[in-house]
């Protein structure tokens, strides 16, 4: 039986056309995704608010306020303001009118800070967020300045205690930040997971060709195996095992490329991802076995059926862009049974459950669905294979 497995493995590895869709296609498509999504995750990142500062004599005299603004404008990961200095108010207003800045910060003659922002166009765009940030900064500074002035008027010695001043200016946290997901969600990862789902279905070509190679009426190799000493059952098991091994190897290489070359995050659960790949490869083998065992259907037609089915199911897994991803999410919400019987969607969700959830229960559910579908497809394939009879070889 091992010799049959070894022979089937050698025969399949020599079929280079199998590796076009099973291996080369997911690598090429993931490379395209890497170029397409290069700026997708950064599109929602926060940019410092473009702020015009009128650096006149009044601003220089207000050392406390200018120090706060300068500190908020220091470059770094926590930079809040993008400071652009102007000598006069008129120059700053021209920049505001031209849309170069969102707000103008200045100091009146009496030392009072002043803020002027661009007109509100409505909505929750970047400008509206910037206006809100500037307004919060100014209000917080004015409130704290008034608080310290009142504290100094009531008890001037209190300002000598830095701990008391810090306590007065510190606002207690009313909320606690917690994470409801295993990893911080990133929008682009779902497309790579959907790509792995598509690649898994394309690996069905390996099983389809393997089962066709065992049929005496299709290939000379199948005829020789039929009259050999090894039973047909052992031949099928060894051939399917070789098919699964090649499918698993192709998916594993694609996964490693996506993980380490493209740099897609799998939330540190690469070991469980390998388990998902093994289950997906087993399903791909069963799908290929079913198509390959269809009676009175040519190999070219079987290949077309697999390609069309893979492309169609990948559509409802959200592979082809944001509208398709929204459609896949809508189907999962409103018709969960349809989503559960779509193997491309199930494989996608298996990877996403590892990325999103702390618990492994959702992943186990997706893997269980794939295994159930695998058993059903193998059972139907066995019925087709057992009914095949040949008058002569």
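The values are calculated or read from the model by the stated rules, or taken from the named source; none is laboratory data. Note that this is a predicted model, so its numbers are computed, not measured. Cβ sites come from the backbone with ideal geometry, for glycine too, and all protein chains shown count toward neighbours.
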Tally, over segment 364-384, of residues that are over 23 Å from residue 307 (Cβ atoms) and modelled with pLDDT under 95: 3
Unique match (being assigned to a helix (DSSP H, G or I), assigned by TED's automatic domain parsing to the domain that holds residue 245 and out of contact with any helix residue (DSSP H, G or I) (no Cβ under 8 Å at 6 or more places or on another chain)) among 329, 358, 349: 329
Test: residue in segment 127-136 that is over 18 Å from residue 73 (Cα atoms) and at pLDDT below 80: yes
Condition met for residue 260 (more than 15 Å from the chain's Cα centre (by Cα) and farther than 23 Å from residue 206 by Cβ): no
Condition broken by residue 2, with the remaining ones in (1) free of Cβ contacts under 8 Å to residues at least 40 places away in the same chain; (2) loosely packed, with under 10 Cβ neighbours inside 10 Å satisfied: (1)
Qualifying residue in segment 247-263 (condition: in the same structural domain as residue 310 (by TED's automatic domain parsing), farther than 30 Å from residue 10 by Cβ and either at pLDDT 75 or above or touching a helix residue (DSSP H, G or I) at 6+ places or on another chain (Cβ under 7 Å) (or both)): yes
Candidates 321, 292, 308 - the one that is closer than 14 Å to residue 206 by Cα and out of contact with any strand residue (DSSP E or B) (no Cβ under 8 Å at 6 or more places or on another chain): 292
Count - residues of segment 85-110 that are more than 16 Å from residue 136 (Cα to Cα) and touching a helix residue (DSSP H, G or I) at 6+ places or on another chain (Cβ under 7 Å): 5
Residue pairs meeting the criteria (Cβ under 6 Å; at least 6 apart or on separate chains; first surrounded by 10 or more Cβ atoms within 10 Å (Cβ to Cβ), in segment 326-337; second at pLDDT below 95): 328/316; 328/317; 328/318; 331/338; 331/339; 332/339
